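Report on the following structure.
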Amino acid sequence: MPSIEIPRTYRVKSFGCQMNVYDGERMGELLAEQGITAAPEGEEADLVVLNTCHIREKAAEKVYSDIGRLRRTDGSSPLIAVAGCVAQAEGDEIMKRSPAVKMVVGPQAYHRLPEMIRVAAEGKRVTDTDMPAETKFGALPRRRRSGPTAFLTVQEGCDKFCTYCVVPYTRGAEVSRPHADLIDEALRLVDAGAREITLLGQNVNAWTGEDAKGRQVGLDGLIRELAEIPDLVRIRYTTSHPNDFTGGLIAAHGEVAKLMPFLHLPVQAGSDRVLKAMNRSHTAESYLKVLEKVRAARPDIALSGDFIVGFPGETDAEFEETLALVDAVGYAQCFSFKYSPRAGTPAATMTEQVPAEVMTERIMRLQAALGRDQTAFNAASVGKTCEVLVERKGKLPGQWLGKSPWLQSVYFEGDVAVGDLVRVELVDSGYNAVSGRLLETVAA
Ligand code: 5AD
Ligand code: SF4
């Protein structure tokens, strides 16, 4: 294979979860440190990193069509690296199927990208899907740039092994990043302009670490400490598991003003039999108990979740239990998915796979119920006054878009700038967003 020049520009395309967005940013920072600069919008990049998602079949298939789309009219391609969870799960297959791909790098190995690029520039194809004992974080450059909202991975991997899920295989075992590293990264993000930090983890509420005084603390302890950073005004975290919800974290929702009143707590299904078959290790009732306690601590908390319909063996009656749970909770927003068999997971070989048309009918019914609740939640916020963190310009002239404390998209007009914290009266609502009237700027 002929040698290739070291790329001068890059583009990272991240798919899937917020952790992939975070990883994508970190890869960009790493490449920039090597003198490879981000390709300007609309221009071709010398190096394209496809940072992929393997959680459901459709997401994984996308990789191959994206690789095809990168081919130029003269038949050549940029230097292509496939990263993320598809790389981890199907690295060898990608190399076989797609000669244009020169690098395959797993989620725990991307700090080695610079070295891989040098090897690829010599004309060799290279795969690194190791899960090294030393974590990638120590090898990544310090954070220097941030928008008003930033992600911060505090915990990674999963030991829960839900029977449908690839994450324990693609992201590896649960690992908490050290407390001191997180405080340091948070301070740097805030210095770089972040006003809101979302703490990320596949089981973020399982995070634990030793604080500066040598005390073992949980996520609530970390949140309380981050809340002391003066210019950090908002803290969020995602995604939690019902079984790792501690009393301390629930209390923090009532006591830490900077912790936003929003909780994404996936339940997946409303039937205890299905939950057991999913190896969720909680019941519908124990899940509802957690929500009840969080609501007692923070009555206005907005709730979110994930659902899977058509898990193998799910009956009509069991699906009705999911709808009943939705009715019982009254979610502000939710994600819902058709079950997708993932190779290597126990559920993929379960015999009673649910027919596609049944799955379609169920997801339509579920999404109608969730849509109804989301619209109702937004409608109920009309008349309230709240702070909005301005994230970007809206599509209409003079319009801005930010988030309410309850993670609603809020559109409004006025003389503000990205990163401002403003006070807004919510005046109208729809399914996807609410509109507001600017009252004042709280912090510019
Ligand atoms: N099929 C469908 N949905 C899935 N999820 C995870 N694995 C699968 C699968 N095999 C969903 C779960 C999880 C979210 C991130 O993706 O709802 O909470
Ligand atoms: Fe997947 Fe379950 Fe772990 Fe969530 S808790 S990442 S669904 S295995």
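Is there any pair with a first residue in the range 331-352 that is among the basic types (K, R) and a second that is within 13 Å of ligand 1 (Cβ to nearest atom) and in a strand (DSSP E or B) whose Cβ atoms are under 7 Å apart and which are 6 or more apart or on different chains, and what are they? Note: pairs meeting the criteria are K338/V309. Restricting attention to the range 133-177, the residues that are more than 16 Å from ligand 1 (Cβ to nearest atom), over 16 Å from H111 (Cβ atoms), open to solvent by 60 Å² or more (accessible area, probe 1.4 Å) and not basic (K, R) total 1.
Look at P132 and say whether it is more than 16 Å from ligand 2 (Cβ to nearest atom), more than 30 Å from K393 (Cβ to Cβ) and more than 26 Å from the chain's Cα centre (by Cα). It is false that P132 is more than 16 Å from ligand 2 (Cβ to nearest atom), more than 30 Å from K393 (Cβ to Cβ) and more than 26 Å from the chain's Cα centre (by Cα).
Checking each residue in the range 67-77 for being in a helix (DSSP H, G or I) and surrounded by fewer than 17 Cβ atoms within 10 Å (Cβ to Cβ) picks out G68, R69. Here is a list: A32, A81. Which entry is under 30 Å from Q202 (Cβ atoms), part of a helix (DSSP H, G or I) and either at pLDDT 95 or above or acidic (D, E) (or both)? Just a single option satisfies the conditions, and that option is A32. Checking the conditions here, which among V422, V388, V329 is modelled with pLDDT of 95 or more, within 30 Å of D272 (Cα to Cα) and buried (at least 18 other Cβ atoms within 10 Å of the Cβ)? It is V329. Considering each residue of the range 52-74 in turn, none proves to be modelled with pLDDT of 95 or more, over 30 Å from S340 (Cα atoms) and in contact with a Pro (Cβ under 9 Å, 6 or more places away or on another chain). How many residues are of a type in the set (G, A, S) and at pLDDT below 95 when one looks only at the range 35-44? Counting residues in the range 35-44 that are of a type in the set (G, A, S) and at pLDDT below 95 gives 1. Taking the conditions exactly as written (over 20 Å from G138 (Cα atoms) and either touching a residue at least 40 places away in the same chain (Cβ under 8 Å) or in contact with a Cys (Cβ under 6 Å, 6 or more places away or on another chain) (or both)), does L226 satisfy them or not? So L226 passes the test. Could you list, in sequence order, the residues of the range 336-361 that are within 21 Å of the chain's Cα centre (by Cα), under 11 Å from V309 (Cα atoms) and of a type outside the set (G, A, S)? Once the filter is applied, which keeps residues that are within 21 Å of the chain's Cα centre (by Cα), under 11 Å from V309 (Cα atoms) and of a type outside the set (G, A, S), the range 336-361 yields F337, K338, Y339. Go through E57, E41 for me and flag whichever is over 29 Å from V309 (Cα atoms), under 24 Å from the mean Cα position of the chain (by Cα) and open to solvent by 60 Å² or more (accessible area, probe 1.4 Å). Unique residue meeting the criteria: E41.
When V49 is tested against (1) assigned to a helix (DSSP H, G or I); (2) within 24 Å of G172 (Cα to Cα); (3) aliphatic (A, V, I, L, M), only condition (1) is not met. Hey, does the range 178-187 have a residue that's in the same structural domain as P346 (by TED's automatic domain parsing), surrounded by 22 or more Cβ atoms within 10 Å (Cβ to Cβ) and more than 16 Å from ligand 2 (Cβ to nearest atom)? There is at least one residue in the range 178-187 that is in the same structural domain as P346 (by TED's automatic domain parsing), surrounded by 22 or more Cβ atoms within 10 Å (Cβ to Cβ) and more than 16 Å from ligand 2 (Cβ to nearest atom).
So that you can scan it fast, the table gives a plain yes or no per residue for (1) within 16 Å of ligand 1 (Cβ to nearest atom); (2) open to solvent by less than 20 Å² (accessible area, probe 1.4 Å); (3) charged (D, E, K, R); (4) outside the structural domain of Q108 (by TED's automatic domain parsing):
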residue	(1), (2), (3), (4)
R195	no, no, yes, yes
T198	yes, yes, no, yes
N203	yes, yes, no, yes
W207	no, yes, no, yes
I223	no, yes, no, yes
N243	yes, no, no, yes
G247	no, no, no, yes
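Would you check if there is a residue in the range 303-314 being within 16 Å of ligand 2 (Cβ to nearest atom), open to solvent by 60 Å² or more (accessible area, probe 1.4 Å) and within 24 Å of the chain's Cα centre (by Cα)? No, that holds for no residue.
Please go through the range 249-263 and pick out each residue that is open to solvent by 10 Å² or more (accessible area, probe 1.4 Å) and in contact with a Lys or Arg (Cβ under 9 Å, 6 or more places away or on another chain). It would help to see each step written out before you state the result.
Initially, the range 249-263 is screened for residues open to solvent by 10 Å² or more (accessible area, probe 1.4 Å), giving 250-251, 254-258, 260, 262.
I250, G254, E255, V256, K258, M260, F262, listed by residue number.
The sole residue among Q333, Q367 that is away from ligand 2 (no atom under 15 Å from the Cβ) and over 25 Å from G201 (Cα atoms) is Q367.
Of the strands (runs of 3 or more DSSP E) lying entirely inside the range 380-444, those carrying at least 2 residues that are of a type outside the set (K, R) and more than 26 Å from D191 (Cα to Cα) are 409-413, 421-429, 433-443.
The values are calculated or read from the model by the stated rules, or taken from the named source; none is laboratory data. Just so it is clear, the structure is predicted and the values come from calculations on it, not from any experiment. A quick note on method: Cβ atoms are made from the backbone with ideal geometry, for glycine too, and the neighbour counts reach across all protein chains shown. Just the protein is used for accessible areas: all its heavy atoms, side chains included, with ligands, DNA and RNA removed. Shrake-Rupley method; radii C 1.70, N 1.55, O 1.52, S 1.80 Å.
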